[in-house]
Amino acid sequence: MITEFTPLTSALGGMMVGLAATLLMALHGRIFGATGIVAGLLRPGDRNDWLLRAALLAGMVAAPTLLLVLTGQMPQIQVPVSTPAILIGGTIVGFGVFFGGGCTSGHGICGNARFSRRSITATLTFMAGAFLSVYVMRHLIGA
């Protein structure tokens with residue numbers, strides 16, 4: 001399987017995520033960790049906090065619709081694995097988020113920008129796990 005390298009759209013997407021993380025920290029003093037945002041929606045608490053989390057999630061969901069309006073087509077997504085593999089992978093990631101104290105967006109974007117040792121360690125662990133997974137799947141299993 002070969003994935004297409006899209007430098008312009010990738011750079012634009014990265015800048016948008018960075019801007020969103022910066023604005024969330026500057027305006028609300030909050031870390032942009034997608035998993036934490038979604039998890040906070042499931043817990044009762046401060047109404048304003050819940051509304052902020054709901055707005056962030058709505059923006060993440062609305063983005064493909066905006067792309068459809070601007071370009072006339074939805075992003076094309078190809079998932080080369082089965083639904084059970086996605087569910088198993090999602091469960092493993094969920095445990096990793098719980099035990100790692102955050103997800104890739106929280107640690108990788110916000111934590112590294114603050115030079116957090118915990119986030120740097122977590123990000124290096126995520127990357128090592130990704131490299132190992134790709135190596136095993138492509139070279140040992142042959143998927």
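What do you reckon, is Gly101 within 18 Å of the chain's Cα centre (by Cα) and surrounded by 11 or more Cβ atoms within 10 Å (Cβ to Cβ)?
In short, yes.
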Mind counting the residues in region 115-143 that are surrounded by fewer than 13 Cβ atoms within 10 Å (Cβ to Cβ) and not in a helix (DSSP H, G or I)? 3
Residues being within 17 Å of Met16 (Cβ to Cβ) and touching a Ser or Thr at 6+ places or on another chain (Cβ under 9 Å) - total across region 66-89: 0
Please give the number of the condition Met137 fails out of (1) free of Cβ contacts under 8 Å to residues at least 60 places away in the same chain; (2) closer than 23 Å to Leu12 by Cβ; (3) of a type outside the set (Gly, Ala, Ser). (2)
Within region 38-58, the residues that are of a type outside the set (Lys, Arg), touching a residue at least 12 places away in the same chain (Cβ under 8 Å) and open to solvent by less than 60 Å² (accessible area, probe 1.4 Å) are Gly40, Leu41, Leu52, Ala54, Leu56, Leu57
Matching residues in region 1-37 - criterion: being assigned to a helix (DSSP H, G or I), surrounded by 15 or more Cβ atoms within 10 Å (Cβ to Cβ) and modelled with pLDDT under 85: Ala34, Thr35, Gly36, Ile37
Filter region 97-114 down to the residues that are assigned to a helix (DSSP H, G or I) and free of Cβ contacts under 8 Å to residues at least 12 places away in the same chain, then identify the one that is farthest from Gly36 (Cα to Cα). Asn112
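The values are calculated or read from the model by the stated rules, or taken from the named source; none is laboratory data. Remember, predicted model here, so these are calculated numbers, not experimental data. Every residue, glycine among them, receives a Cβ derived from its backbone with ideal geometry; neighbour counts consider all protein chains shown. Ligands, DNA and RNA are excluded from the accessible area calculation, which covers all protein heavy atoms including side chains. Shrake-Rupley method; radii C 1.70, N 1.55, O 1.52, S 1.80 Å.
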